[in-house]
Amino acid sequence: MTYIEARTFFRRELKTLLEVNEIDFYFKTLLHSLFNIESTAIALDPNTNFSEDQKQQLEEALKHLQKEKPLQYIIGSTYFRELSFRVNPAVLIPRPETEELVAWVLEDHKGLKQKKSLIDFGTGSGCIAIALAKEQPNFEVSAIDVDHTVLELAHQNATHNQVNVAFSQQDILRLDAFYTKAHIIVSNPPYIPPSEQAEMKPNVLQYEPHLALFVTEKDPLIFYRSILAYGEVHLISKGYVYFEINPRFLGELKSLILSFNVYSFEERKDIFGKVRMLRIQKE
Ligand SMILES: C[S@@+](CC[C@H](N)C(=O)[O-])C[C@H]1O[C@@H](n2cnc3c(N)ncnc32)[C@H](O)[C@@H]1O
């Protein structure tokens, strides 16, 4: 099978699921990440044949795409703020909205002269912690997650991106034994109640870790409450908490923040025009 025949095959097999430009993007990404073939090769050498082994790998990838498995899990990697991260189905695929949260933290600490300690709660792939450590060397970054398999991958990602992050296994809902003073807290915790499942795409619902996505209908702000309670004790005066949030709970979250009597906050919209981030400052 030649390059051009394979692309035609992909277009035909995926046309009910994806737009043609998406199919072409997926095809090029697969060629590059599986075989290190540049995307220009399809135009320059359309009649080059894939080897039998390459053909089988492509067919395998196509089957996964037909079952709506995210491309990032098929190739095992993704980009976040131009850094490359390994991902597998134990970790959430980093989102562009989260890149915006990281951008807000960096914007506020541009030209930072002294060291500041920063904790990422619910680190997953480590994308927030690692990008912040990479882009602001004066951040001393720690990151926690409840799932040790996730932490192993986050650790590999830190090594791959050549940064130091102190990872530890902790439960956000039981932080009584975690005493670390922090200047900054950042978190993108689970925030989707089960009632939103109906609006979610199958590729997310079937493949991404439910531990990373869901909270109970009864107490959707449970993670925020626990992190704010931690901050009440361990965040330094004038320290910041940056949260990614579910816009649906903005009102309740604001009331929760104010109920602590030590915090003020500002909100920010994401590229889609939804209030997706909060910056909270302690007195
Ligand atoms: C929405 S994901 C965010 C992952 C990553 N920070 C990102 O932005 O892509 C939430 C993370 O919280 C972790 N998590 C879920 N419950 C937790 C708990 N009780 N304590 C600590 N981490 C938890 C999940 O394993 C997951 O990695």
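The values are calculated or read from the model by the stated rules, or taken from the named source; none is laboratory data. These figures come from a predicted structure and were not determined experimentally. Here the Cβ is made from the backbone with ideal geometry for all residues, glycine too, and neighbour counts use every protein chain on show.
Between LEU250, LEU221, which is surrounded by fewer than 21 Cβ atoms within 10 Å (Cβ to Cβ), among the aliphatic types (A, V, I, L, M), assigned by TED's automatic domain parsing to the domain that holds GLY122 and in contact with a helix residue (DSSP H, G or I) (Cβ under 6 Å, 6 or more places away or on another chain)?
Exactly one of LEU250, LEU221 is surrounded by fewer than 21 Cβ atoms within 10 Å (Cβ to Cβ), among the aliphatic types (A, V, I, L, M), assigned by TED's automatic domain parsing to the domain that holds GLY122 and in contact with a helix residue (DSSP H, G or I) (Cβ under 6 Å, 6 or more places away or on another chain), namely LEU221.
Go through the range 1-100 and tell me which helices (runs of 4 or more DSSP H), entirely inside it, have 1 or more residues that are within 24 Å of ILE271 (Cβ to Cβ).
By residue number, 20-35, 71-75.
Mind checking which residues of the range 159-184 are among the β-branched types (Val, Ile, Thr) and either touching a Leu at 6+ places or on another chain (Cβ under 7 Å) or near the ligand (Cβ under 8 Å from one of its atoms) (or both)?
Correct list: ILE172, ILE184.
Given the structure, is PHE243 assigned by TED's automatic domain parsing to the domain that holds SER195, of a type outside the set (S, T, N, Q), under 18 Å from the mean Cα position of the chain (by Cα) and exposed (fewer than 15 other Cβ atoms within 10 Å of the Cβ)?
Numbers: assigned by TED's automatic domain parsing to the domain that holds SER195: yes; of a type outside the set (S, T, N, Q): yes; under 18 Å from the mean Cα position of the chain (by Cα): yes; exposed (fewer than 15 other Cβ atoms within 10 Å of the Cβ): no.
Considered against the rule, which asks whether it is assigned by TED's automatic domain parsing to the domain that holds SER195, of a type outside the set (S, T, N, Q), under 18 Å from the mean Cα position of the chain (by Cα) and exposed (fewer than 15 other Cβ atoms within 10 Å of the Cβ), PHE243 comes out as no.
Pick from the range 154-184 the residues that are modelled with pLDDT of 95 or more and of a type in the set (Gly, Ala, Ser): which of them is nearest to LEU92 (Cα to Cα)?
ALA154
Give the residue, chosen from LYS134, LYS116, that is in contact (Cβ under 8 Å) with a residue 60 or more places away in the chain and more than 10 Å from the ligand (Cβ to nearest atom).
LYS116
Would it be correct to say that VAL150 is within 15 Å of the ligand (Cβ to nearest atom) and part of a helix (DSSP H, G or I)?
yes
Would it be correct to say that SER51 is outside the structural domain of VAL150 (by TED's automatic domain parsing), surrounded by fewer than 17 Cβ atoms within 10 Å (Cβ to Cβ), away from the ligand (no atom under 16 Å from the Cβ) and under 26 Å from THR123 (Cβ atoms)?
No: the conditions fail for SER51.
Suppose the filter is modelled with pLDDT of 95 or more, within 13 Å of the ligand (Cβ to nearest atom) and closer than 21 Å to ALA103 by Cα; does TYR230 pass it?
Taking the combined requirement at face value, the residue does not satisfy it.
Among the listed residues VAL233, VAL186, identify the single one that is among the aliphatic types (A, V, I, L, M) and surrounded by fewer than 18 Cβ atoms within 10 Å (Cβ to Cβ).
Among VAL233, VAL186, only VAL233 is among the aliphatic types (A, V, I, L, M) and surrounded by fewer than 18 Cβ atoms within 10 Å (Cβ to Cβ).
Would you check which residues across the range 155-192 are assigned to a helix (DSSP H, G or I) and touching a residue at least 60 places away in the same chain (Cβ under 8 Å) and list them?
Let us first name the residues in the range 155-192 that are assigned to a helix (DSSP H, G or I), namely 155-160.
GLN156, ASN157, HIS160, listed by residue number.
Which residues, taken from the range 143-168, are more than 15 Å from the chain's Cα centre (by Cα) and surrounded by 21 or more Cβ atoms within 10 Å (Cβ to Cβ)?
Matches in the range 143-168: VAL165, PHE167.
Here is a list: GLU199, GLU135. Which entry is of a type in the set (Asp, Glu) and either touching a Ser or Thr at 6+ places or on another chain (Cβ under 9 Å) or more than 23 Å from VAL105 (Cα to Cα) (or both)?
Working: GLU135 fails: either touching a Ser or Thr at 6+ places or on another chain (Cβ under 9 Å) or more than 23 Å from VAL105 (Cα to Cα) (or both).
Being of a type in the set (Asp, Glu) and either touching a Ser or Thr at 6+ places or on another chain (Cβ under 9 Å) or more than 23 Å from VAL105 (Cα to Cα) (or both) holds for just one of GLU199, GLU135, which is GLU199.
Can you tell me how many residues within the range 206-233 are of a type outside the set (D, E, K, R), assigned to a helix (DSSP H, G or I) and within 17 Å of ARG248 (Cβ to Cβ)?
4
Looking at (1) away from the ligand (no atom under 16 Å from the Cβ); (2) within 24 Å of GLU82 (Cβ to Cβ); (3) among the hydroxyl-bearing types (Ser, Thr, Tyr), which one does SER187 not meet, given that it meets all the others?
Failing condition for SER187: (1).
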